[in-house]
1. What does chain A give for Rg and for Dmax, in Å, if only its C-alpha atoms count?
2. Using just the Cα positions, wrap the range A:333-456 in a convex hull and report its mean projected area in square nanometres, one decimal place.
3. Enumerate by residue number the chymotrypsin sites (Phe, Trp or Tyr not before Pro) in the range A:168-224 meeting two conditions: DSSP loop (anything except H, G, I, E, B), and at most 10 other Cβ atoms within 10 Å of the site's Cβ.
4. Just to confirm the number: angle between the C-alpha axis of helix A:8-21 and the first principal axis of chain A, 0 to 90 degrees, nearest 10?
5. Is there a pair in A:Lys187/A:Lys410; A:Lys93/A:Lys461; A:Lys100/A:Lys135; A:Lys17/A:Lys573; A:Lys70/A:Lys718 whose C-alpha atoms are over 22 Å apart, and which pairs would that be?
6. Which of the peptides A:334-343, A:182-191 is most tightly packed, and how do the rest follow, judged by the mean count of other Cβ atoms within 10 Å per residue?
7. Can you compute log10 of I(q)/I(0) for the range A:224-372 with the Debye formula, treating each Cα as one identical point scatterer, at q = 0.10, 0.13, 0.14, 0.15 Å⁻¹?
8. Before anything else, pin down the relative contact order of the range A:635-722: Cα pairs under 8 Å, at least 6 apart, normalised by residue count, whole percent.
Amino acid sequence: MADREYNFNDIEKKWQKIWEEKKSFLSRVNKSKQKFYLLEMFPYPSGRIHMGHVRNYTIGDIVARHKRMKGFNVLHPMGWDSFGLPAENAAIKNNTPPFKWTSENIENMKEQLKRLGFSYDWSCEIGTYKPDYYKWNQWIFIKMLEKGLAYKKVSSVNWCPDCMTVLANEQAENGVCWRCDSEVVQKELEQWFFKITDYAEDLLAGHNEIEANWPEQVITMQRNWIGRSTGVKVNFKLESGEDFPIFTTRPDTVFGVTFMVIAPEHPLLNKISDPKVQEFIKKVKSQSMIDRTSEDKEKEGIDTGLKIINPFNGERVPLYVGNFVLMGYGTGAIMAVPGHDVRDFAFAKKYNLPIKIVIDIPSSPLKLEEMKTAYTDEGVCVNSGEFTGMNNLEAIEKIAEYAEKNSIGKKMINYRLRDWGISRQRYWGCPIPIIYCDKCGEIPVPEKDLPVILPTDVDFKGDAHSPLTRMPEFINTTCPHCGGKARRETDTMDTFVDSSWYYARFTSPDSENIFDKEKADYWMPVDQYIGGIEHAVMHLLYARFFSMILYDLGLLNNREPFTKLLTQGMVIKDGAKMSKSKGNVVDPDEIIQKYGADTVRLFMLFASPPVKDLEWSDKGVEGSFRFLNRIWRFMQKHRELYIKDYSINHEQLSIEQKRLRIELHRTIKLVSHDIEERMQYNTAIARMMELINALYSIPEDELYTDTGKNVFSEIVDKFLPLLNPIAPHFTEELWETFGNKTLLADSEWPAFDEKLTVRDEIEIVFQINGKIKSKVNVSSDITEDEMKKMAYENQKISELIAGKEIVKVIAVQGKLVNIVIR
RNA sequence: GCCGAAGUGGUGAAACUGGUAGACGCACCGGACUCAAAAUCCGGCGGAGGCAACUCCAUAAGGGUUCGAUUCCCUUCUUCGGCACCA
């Protein structure tokens, strides 16, 4: 019998076909089995799979395959986040309708994913651009409208002039568009919003539930983004007697207020006619987000001429407009305490405003003339009326209480988080189900009329304007209320809406409802979610928000959608993330062609642990390929040794055979631990390499005996399933080579015998004062006392301790003896 | 500026609760096989010293705790990530 070549291309296609025919990865609700829902962030169908996808989905696939072998009923679905701008840009460029472009991309990418042998249940496939999916976006929108969680308002919004659309705050960080990096400008528009701020507390509280199983970094980023701060809303007064409320987290400094500042957008300013003030406001408003929030932002302001009265001490202070005060936070106005706030200090210095010390250090009092900046640390209240002498931390609470008791203020919590603006002035997205009637106003599309279908036969006319705005057949409709003429909303939803609940749809993708409650109850929540860290705030926050809404609508049983989260690192080449612009992209197809999918998968897992960045290395891929070939050759060469029904009496084995067998059981133990507990696949693979090295080290005639055959057979039976989740085609093929008729995909995860995981002989170390002086091999069942005895008897050790005072002796079972001498 | 993570050979990385630093791989060097090369198999591979068995040094730098520190604590440096007028 000639040894067969490792012909990965044929082998991989063969097994992919078999898995498909046998429906090996089909997931069905089965209440007698424990479920495991594994989800990887679904891709945007941009055209081709990139290495980042390969890495993400390889990590997911090893989890899915391993869990199946451990007896779990696994749901492992895949779909397409298929609305979004690139489809429109492609349409404008080569006049291909976005529907066609997207559908073709999906087909191509699906083939690529299949070629990698991922164990998806393709019967669950969803595409967010399909009406039976986005219908439920619209349905949720209407539910949210009913609950007051969706609303429309005119607001200053982030506008990307290149994408010609509005962006959410989360998408316009640092004043640039998250997609194209263009400078974002502010524009007044009427927009639909989701009231995510109503869920700020819930989103924070939920962190406690998931904290242990989410990366700390993601939780921290979300916490910072929500930005909860507790403080007091204090009612200052205008001279006219009108309330002038401000928010402060430092009520302990309220006696130190020497001026007030309001945002340029503040409505009070409409009353000011001073042309200098109006000019200043105009100037600030015309600045872009970048200018206004840039690094070396200069604090600027101008006196409005108005005076404000401090309710705590009756002092009259001037009111300024300042470019650094934000209308969107608190009340759009602040009390300025230059003595104890760094920004206020700088502003006061610039405009020659008075500075007052109200918190001091008794041991070394502050000197106003010597202060270079505000004093913001702890201290004792001074010049603070009845609070003088109190520790300032204590005063925060006491002054807040005083304000409430005297009706001059109220304790309040503020968030950095803003409501989620979801209107997009773009075509390729889910239509917002609203009808505008001149008589009846904004009317939601009735449930029975859903979905509002996005027309797919569109003409882009080569520009970025949404074709919907020039399609009367889409726009013109009748009012569901009065039956009169009405028009449809032409804005579409932010595509992040699509991905905020897709995990639930996967549980029943053909449902006539949003999803089948029974199926969702069985599968949800997602047990393990895997994706990139770049979604830490946007997607993962929105998805949690939606999950909570669905819970509150009685549709889901859990508030938190993702029990465990793994954020995998990037794929790096030559020190930078693979990207077209850097020209350091490696095409997965080429590598698969050259080495096969199993090698690519193996390399992706071996080169680095999942959470860290992975440095691409052509040589490293070759190394992974070599490892598979090494196994292949050995197994092919000795395949006649395999006995299906072997039995082993450990005591009858030769020393070499025993050692090899112990290596096998150790490997199973360590690999299981690495995969199950640690999700660290690089070390799991390293262990398997050690086993193969041990296999090559044993003299061949040790295998060609009756007991040797049994040992070899056990290795085949247990090692192949162990490697199967990583190199599924390769191991199925070898498994078949040995005459097995079953699929490894259906087999159980190998068990190990704890007794066989301990090597018979181990090396222990003798130390003097913590320094290694001697190493010896001993039987692994040695006791601590025996170890100590051996240490004293050791020639080298006894020489070194001769005549010295022994302070103490530490023995660590199976590891070392340390003798401390003086 | 604030918050967080990381820094280990030529290189990707191991060392999971403090206990033999560098497992496993890549690169490199040597050997076997070959007419030769490739592939493969075997061996070596942190630095310094020594013919040698061995000795000393070494986990960004410095200090501390400990019998013992890559691991815990403090200081400093560097890199990466997040937040950044949030009152």
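Just so it is clear, none of the values below were taken in a lab; they were calculated from the coordinates. What you are looking at is a predicted structure, and each value in this text was computed from that prediction instead of being measured. So basically every Cβ, Gly included, is an ideal-geometry build from the backbone, and we count neighbours across all protein chains shown.
1. Radius of gyration, then largest Cα-Cα span, for chain A: 34.2, 109 Å.
2. Details: hull surface 62.1 nm².
So the mean shadow area of the Cα hull is 15.5 nm².
3. Details: sites: A:Trp178, A:Trp192, A:Phe193, A:Phe194, A:Tyr199; in loops: A:Trp178.
Of the chymotrypsin sites (Phe, Trp or Tyr not before Pro), not one in the loops of the range A:168-224 has a Cβ with at most 10 other Cβ atoms within 10 Å.
4. 70
5. Checking Cα-Cα distances, A:Lys187/A:Lys410; A:Lys17/A:Lys573 exceed 22 Å.
6. Working: A:334-343: 23.0, A:182-191: 16.3.
Ranking, from highest mean packing down: A:334-343, A:182-191.
7. Relative scattering, expressed as log10 I(q)/I(0), comes to -0.36, -0.61, -0.70, -0.81.
8. Here the relative contact order equals 47 percent.
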